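The values are calculated or read from the model by the stated rules, or taken from the named source; none is laboratory data. Being a predicted model, the structure only gives us computed values, none of them experimental. Cβ atoms come from the backbone with ideal geometry, glycine included; neighbour counts cover every protein chain shown. Each accessible area value is taken on the protein alone, full model and side chains, heavy atoms only, with ligands, DNA and RNA left out. Shrake-Rupley method; radii C 1.70, N 1.55, O 1.52, S 1.80 Å.
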Amino acid sequence: MRLSTVLPTQRHENRLVNLPEMLCNCLLAACQHKEFKRLVGWKGMAVCPRAPQGWTFKVRARPGVYGLATERTWRDESGQHARLGLHYFPAPDEPLLDTMSLAASLAAARPDYIETLRRFTAMADGGAPFRLGDLTASLAPGEDGLLLRMDAADRRLSVARDGVATAEGQWVILPGEAEEDFPAHEIAADFLLVLAAAASNSLGEPPCRVGRRTEPGSGLIYGGDGESSPLDDGVTMTSDLLYWGGPEALATLAAPSLAECEAVAGIAQKETLPPPLDHALFWRTHDLRALSLETAYAPIFDSRPGLIVLSGFLGAGKTTFLNQLLEYHAARDELVAIIQNEIGQSGVDGKLLEGDDAIVELDEGCVCCTLAGNLSKGIQQLRARFNPKVIVLESTGLANPFNILNELETLRPLVRLDSITTLVDAANGPALLKNHEIARDQVAAADTLLLNKCDLVDEAGRERLRDTLRGLNPRAVLVETAFGAANPGELYDPDPFEPRLGPPPCMTPRTHHTHDHDGFTSRRFGFTAPLDRKRLTEALDGLPASVFRLKGIVHLADCPQPMVVQYVCGRHELSSLGDAFGEEGFLVAIGKDMDLTVLEGLEEANA
């Protein structure tokens with residue numbers, strides 16, 4: 001049994017092992033393998049910031065948060081032992097909450113519920129309404145055997161004999177009804193399976209013996225006078241035991257407990273155990289390489305970078321969101337590579353991205369049209385040079401994602417398609433969706449919709465736009481945001497066993513899309529000398545409605561820093577580039593039947 005991976009490297013000879021910390025170290029050591037995290041659906045762990053000792057955990061199996069709290073540690077002739085209380089805090093909208101106690105429901109209704117549960121060990125009642133059962137860990141005297149035991153009732157049951165009523169006499173719980181009745185053991189087992197899988201991985205071997213013991217349990221019935229008594233209503237107490245180590249330690253540490261089990265088996269007879277013990281991952285996670293060779297687990301060990309197709313009409317905020325995506329992955333030491341496509345001879349957005357070494361620019365054409373065949377070459381180039389975690393295809397604001405769906409299918413050997421994400425400008429969305437088929441198709445093709453710039457629209461306007469988006473695409477995840485501030489970790493969960501959206505709806509065959517068909521054109525204006533700020537602002541204010549989008553980088557006479565110009569539907573903004581720019585200034589205008597007299601005059605005056 002390989003304890004070296006989860007114990008301190010230097011310890012005094014007689015120093016006791018901190019068993020609760022050792023269990024958490026098993027999880028941390030196993031979760032260094034991204035494949036393990038994806039196998040068990042590991043979402044993360046946090047240390048409770050206040051005494052007594054405790055931790056909170058998130059796993060795929062449940063939407064809420066698990067909690068472990070150290071309650072007692074001791075040592076005897078059979079080894080070292082620690083008993084921890086296992087808790088489960090449901091998500092505020094989780095149906096399970098309706099089957100839990102009034103105290104649990106009241107706690108979950110508090111606005112600081114999520115924040116409070118992270119320090120549940122310091123709560124006055126220790127999180128008692130959310131307690132599932134006991135988790136006991138035992139380590140043999142020679143540190144050559146480990147036993148995990150979980151005790152929990154199949155139902156946590158309490159009945160209000162006299163009922164519970166409000167001060168006005170309205171019944172909250174009728175007399176004789178259950179205040180709480182939820183499957184404590186079933187919920188606890190979901191966490192035990194993850195912990196046991198981590199133990200097998202960290203210890204380098206599967207459990208030697210696994211057993212289950214059941215015995216009659218009881219619920220609780222209480223009256224309005226505060227008196228309570230046990231309630232015999234078919235409640236069963238279940239104990240699951242898992243042992244790692246050799247036969248000598250087994251005889252000392254685990255044999256008495258295992259002898260009381262109705263079902264006991266090692267790996268060769270595991271099918272004789274009741275579910276979910278019979279086919280649990282803890283039998284296999286000591287050898288991830290063997291698992292990687294099985295077809296059923298192929299998605300777990302998929303090493304291809306994820307591909308995100310980033311779509312959205314002109315000015316929706318794609319570059320702002322993309323910068324936040326880069327920052328999210330940079331904080332995790334993960335590289336995001338970008339294939340960027342813009343209409344016009346001069347790319348702007350690539351110069352606005354933070355850390356732009358891993359960018360392939362496909363300019364002067366639409367990646368959904370004439371440049372579609374270059375996608376595989378760009379992806380191969382990025383994989384060879386950077387080995388990225390994620391590749392983002394940022395398409396032009398006039399791109400139609402439906403036109404590259406077939407192309408995406410041919411890229412499967414190179415990338416894993418994680419999402420087609422479309423940003424929608426909340427302020428201009430209604431008019432865009434009404435007047436432009438491309439905008440409607442961008443929404444229809446998405447599996448993730450980001451309704452951006454919500455700070456510019458009132459609730460009634462957002463509600464109408466949500467209804468429009470749902471009408472165009474009822475299957476996509478819809479997230480409202482401002483300034484592109486959406487958590488990529490929530491949008492793009494790499495867990496292959498999470499429920500995933502289906503493919504985009506089939507579209508009626510159409511002629512191949514080009515921007516000329518939509519009447520959009522672009523034109524570039526160059527400026528050899530710095531511009532006068534006032535004259536530039538007047539030009540932007542004077543642009544006609546036919547100019548839908550304008551962007552560029554210019555030098556100003558009154559500012560040493562190059563400035564980024566952004567213009568969408570009458571709103572414009574100037575901001576510092578924040579970097580050197582040794583090229584001449586330029587602006588790129590995009591629109592329909594554009595009257596560009598103002599910009600032509602600005603260019604001529606600068607010549």
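Condition check ((1) of a type outside the set (Lys, Arg); (2) modelled with pLDDT of 80 or more) across all residues:
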residue: ASN487; (1), (2): yes, yes
residue: GLY502; (1), (2): yes, no
residue: PRO505; (1), (2): yes, no
residue: HIS512; (1), (2): yes, no
residue: ARG533; (1), (2): no, yes
residue: THR537; (1), (2): yes, yes
residue: LEU540; (1), (2): yes, yes
residue: MET563; (1), (2): yes, yes
residue: GLN566; (1), (2): yes, yes
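Search region 93-120 for residues that are buried (at least 17 other Cβ atoms within 10 Å of the Cβ) and pair each with any residue that is aromatic (Phe, Trp, Tyr) and in a helix (DSSP H, G or I) when their beta-carbon atoms are under 7 Å apart and the residues are at least 6 apart or on different chains.
Close Cβ pairs satisfying both conditions: ALA104/PHE130; ALA107/TYR113.
Just to check your reading of the model, which residue among GLU437, GLU459 is open to solvent by 30 Å² or more (accessible area, probe 1.4 Å) and touching a residue at least 40 places away in the same chain (Cβ under 8 Å)? Working first, answer last.
Numbers: GLU459 fails: touching a residue at least 40 places away in the same chain (Cβ under 8 Å).
Within the list GLU437, GLU459, the selection yields GLU437.
Pick from region 358-399 the residues that are over 29 Å from the mean Cα position of the chain (by Cα) and in a helix (DSSP H, G or I): which of them is modelled with the highest pLDDT?
Residue satisfying both the conditions and the ranking: LYS377.
State all residues of region 125-163 that are open to solvent by 10 Å² or more (accessible area, probe 1.4 Å), over 16 Å from GLY67 (Cβ atoms) and in a loop (DSSP other than H, G, I, E, B); if no residue qualifies, say none.
PRO141, GLY142, GLU143, ASP144, ASP154, ARG155, ARG161, ASP162, GLY163
Name every residue in region 401-447 that is among the charged types (D, E, K, R), touching a strand residue (DSSP E or B) at 6+ places or on another chain (Cβ under 6 Å) and in a loop (DSSP other than H, G, I, E, B), in order of residue number.
Selection gives ASP447 alone.
In this structure, does GLY246 turn out to be closer than 30 Å to LYS34 by Cα and open to solvent by less than 40 Å² (accessible area, probe 1.4 Å)?
Yes; evaluated as a whole, the condition is true for this residue.
Please determine whether any residue of region 225-243 is over 30 Å from TYR567 (Cα atoms) and assigned to a helix (DSSP H, G or I).
Within region 225-243, none of the residues are over 30 Å from TYR567 (Cα atoms) and assigned to a helix (DSSP H, G or I).
Considering only region 550-607, state which residues are among the aliphatic types (A, V, I, L, M), closer than 28 Å to ALA431 by Cα and touching a His at 6+ places or on another chain (Cβ under 8 Å).
LEU550, VAL565
When only residues in region 217-233 that are open to solvent by less than 60 Å² (accessible area, probe 1.4 Å) and in contact (Cβ under 8 Å) with a residue 40 or more places away in the chain count, which is farthest from GLU179 (Cα to Cα)?
The qualifying residue farthest from GLU179 (Cα to Cα) is GLY217.
Going through GLY169, GLY176 one at a time, which residue ends up being surrounded by fewer than 20 Cβ atoms within 10 Å (Cβ to Cβ), at pLDDT 90 or above and either out of contact with any Asp or Glu (no Cβ under 8 Å at 6 or more places or on another chain) or within 30 Å of ALA199 (Cβ to Cβ) (or both)? Can you show your working first?
Values: GLY169 fails: at pLDDT 90 or above.
Every option except GLY176 fails the conditions.
Cβ contacts < 8 Å: first residue within 17 Å of ASP144 (Cα to Cα) and assigned to a strand (DSSP E or B), restricted to region 70-85; second residue of a type in the set (Ser, Thr, Tyr) and open to solvent by 20 Å² or more (accessible area, probe 1.4 Å), any location; separation 6+ or different chain. Result?
GLY79/THR252; GLN80/THR73; HIS81/THR73; HIS81/THR136; ALA82/THR70; ALA82/THR73; ALA82/THR136
Just the residues that are more than 23 Å from the chain's Cα centre (by Cα), farther than 30 Å from GLY591 by Cβ and surrounded by 15 or more Cβ atoms within 10 Å (Cβ to Cβ), please, taken from region 288-324.
Selection gives LEU288, LEU291.
I'm trying to understand the selection: among the residues of region 256-285, which are assigned to a loop (DSSP other than H, G, I, E, B) and either aliphatic (A, V, I, L, M) or surrounded by 12 or more Cβ atoms within 10 Å (Cβ to Cβ) (or both)?
Matches in region 256-285: GLU260, CYS261, GLY266, LEU273, PRO274, PRO276, LEU277, ASP278, ALA280, ARG284, THR285.
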